[in-house]
Amino acid sequence: MKKRILPIVALGVTASLGLAGCAGGGTDNNSGADGEGQTLNVWIMKGTNPDATAFYDEVSAAFEEETGAKVEIEEVQWADAHDRFVTAIAGGTTPDVAETGTTWTAEFADAGALLPIDEYVDGEDGLRDDLVEGLEVAGTYDEELYGMPWYAGVRALVYRTDIFEELGLEAPKTWDDIITAGEAIKAAYPEMMAFPVPGDAEFQVYPWVWGAGGEIATQDGDEWTSELDSAESQEGIQFYTDLATEHGFSSAGATTWKETDLSDNFAQGNVAMMLSGSWTPASLVEAGPDLEGKIGAAVIPGKDGDIAPSVLGGSHLSIFNTTENADLAWEFTKMMTTGEFAEKWAAQTGYFPGVASAMEEALASTDPLVAPFAQQMVEGGASVPVTPNFGAVQAKKTTNAMMQSILSGQKDVATATKDAAAEMTELLNQ
């Protein structure tokens, strides 16, 4: 029986991994795969790394020196990628290696398009224990690993430090602290939203479900059951929606907001607290220069003071079954996801690496906008249900429709969660 990942417990941080030593036949190179005269085709999503060309040139040169093989990296737009993958899988024209979003990996594995990589990961000394757990779970399907953790971002609590200092407030550590801070902000700054609740932002909802001890869905054998209507999940959703409906920390307009609307309003000075991704602080200051030095971050508090899990958003690198040299494809995957190049990619993109050893610097950082996100990722990162059918749930916007029905007053929490759980369960078992 497999279930949704629980909050990540403290991970042992191991020494940085080298780039050599893959299981496979010996060659004249340090690598475990002989790629002389061969070319790997790789698809990477466009836009994550603003310095992508320089990075690709560097990693390609290092890979050719290491293995003798060339790499052709093609950038693919996120908006077009899923359909392109589906078409390529159907036609047998997939690349050797590609970036797969964490919610896509199980779908492509279920379609038989990916190669399991457990043999490679287990053949690298200490690598299995070094994988960030939330990304490893998201890359695992039918008890086999199909996605090598590459990079991730995580949402944590972001707040206005200047306002908190002025009002003598500290970053909330419990749900009660959120209410206390929100009431103080509402009284002092009635024109500001103390903690808006966006209705079209699915990943903003789940930390409150998990923070109350609830689940999105659980699996027993081949059957999935949504637990959005459990007592624990309802408690978390009630608390979250009450921020808007009972405490007045939000606005009617936020009922249809996406996360981008939330960030835009924070940058405009209209928001005091929100959940936001580790990749956003720089863009918030860029959009609102007056916020320089006025933004803080903290882990998302659980109900009584622990860390509420937060969805890890990010990507794997996956090896497709059309590759003619799986060992070579693994060498490239390993080079991109461990050691020097994993750290460079993370530094250039603002995301975190997919291996814990590469996060040592972030965890030790004194930067108030780095360490809290790193702690959230390592101690409180989680995955949505790992099933190819979760995409259907997202396409139907089951969770967002539930939220909007509550925020608009059309349904109470008990009714809305019961309806959403029934729809989600049906979709997960199609």
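The values are calculated or read from the model by the stated rules, or taken from the named source; none is laboratory data. Since the model is a prediction, treat every value here as computed from it, not as a measurement. Note that we place each Cβ from the backbone using ideal geometry, even for glycine, and neighbour counts take in every protein chain shown. SASA here: full protein model, heavy atoms, side chains in, ligands and nucleic acids out. Shrake-Rupley method; radii C 1.70, N 1.55, O 1.52, S 1.80 Å.
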Checklist entry - Does the range 252-261 include one or more residues that are within 22 Å of GLY381 (Cα to Cα), at pLDDT 95 or above, under 23 Å from the mean Cα position of the chain (by Cα) and in a loop (DSSP other than H, G, I, E, B)? => result yes
Checklist entry - Residues GLY153, GLY134: which one is within 17 Å of PHE390 (Cβ to Cβ), open to solvent by less than 10 Å² (accessible area, probe 1.4 Å) and at pLDDT below 95? => result GLY134
Item to check | Answer from GLU426, GLU360, GLU331, GLU340 - the residue that is of a type in the set (Asp, Glu), in a helix (DSSP H, G or I) and in contact with a helix residue (DSSP H, G or I) (Cβ under 8 Å, 6 or more places away or on another chain) | outcome: GLU331
Checklist outcome for this item: Contact list, first residue from the range 273-299 and crowded, with 17+ Cβ neighbours inside 10 Å, second anywhere and among the acidic types (Asp, Glu) and part of a strand (DSSP E or B), beta-carbon distance below 7 Å, six or more apart or interchain, is none
Item to check | Cβ-Cβ under 6 Å pairs, at least 6 apart or on other chains, the range 58-70 side open to solvent by 40 Å² or more (accessible area, probe 1.4 Å), far side not in a helix (DSSP H, G or I) | outcome: GLU64/LYS70; LYS70/THR39
Checklist entry - Out of all the residues in the range 40-53, which are open to solvent by 50 Å² or more (accessible area, probe 1.4 Å) and part of a helix (DSSP H, G or I)? => result THR53
Checklist entry - Can you find even one residue in the range 188-198 that is among the aromatic types (Phe, Trp, Tyr) and either at pLDDT below 95 or in a helix (DSSP H, G or I) (or both)? => result no
Checklist entry - Among the residues of the range 240-249, is there at least one that is under 27 Å from PRO388 (Cα atoms), out of contact with any helix residue (DSSP H, G or I) (no Cβ under 6 Å at 6 or more places or on another chain) and in a helix (DSSP H, G or I)? => result no
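Here's the yes/no breakdown for (1) of a type in the set (A, V, I, L, M); (2) within 15 Å of the chain's Cα centre (by Cα); (3) at pLDDT 90 or above:
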position	(1), (2), (3)
LEU317	yes, yes, yes
GLU340	no, no, yes
GLN348	no, no, no
SER357	no, no, no
ALA362	yes, no, no
LEU369	yes, no, no
THR387	no, no, yes
THR399	no, no, yes
Checklist entry - Would you pick out the residues in the range 351-410 that are open to solvent by less than 20 Å² (accessible area, probe 1.4 Å), in contact with a strand residue (DSSP E or B) (Cβ under 9 Å, 6 or more places away or on another chain) and of a type in the set (Ser, Thr, Tyr)? => result SER383, THR387, THR398
Item to check | Of all residues making up the range 176-194, the number that are over 18 Å from LEU262 (Cβ atoms) and crowded, with 22+ Cβ neighbours inside 10 Å | outcome: 0
Next on the checklist: I'm trying to understand the selection: among the residues of the range 82-100, which are under 22 Å from THR387 (Cβ atoms) and surrounded by 19 or more Cβ atoms within 10 Å (Cβ to Cβ)?
Outcome noted: PHE85, ILE89, THR94, ALA98, GLU99, THR100
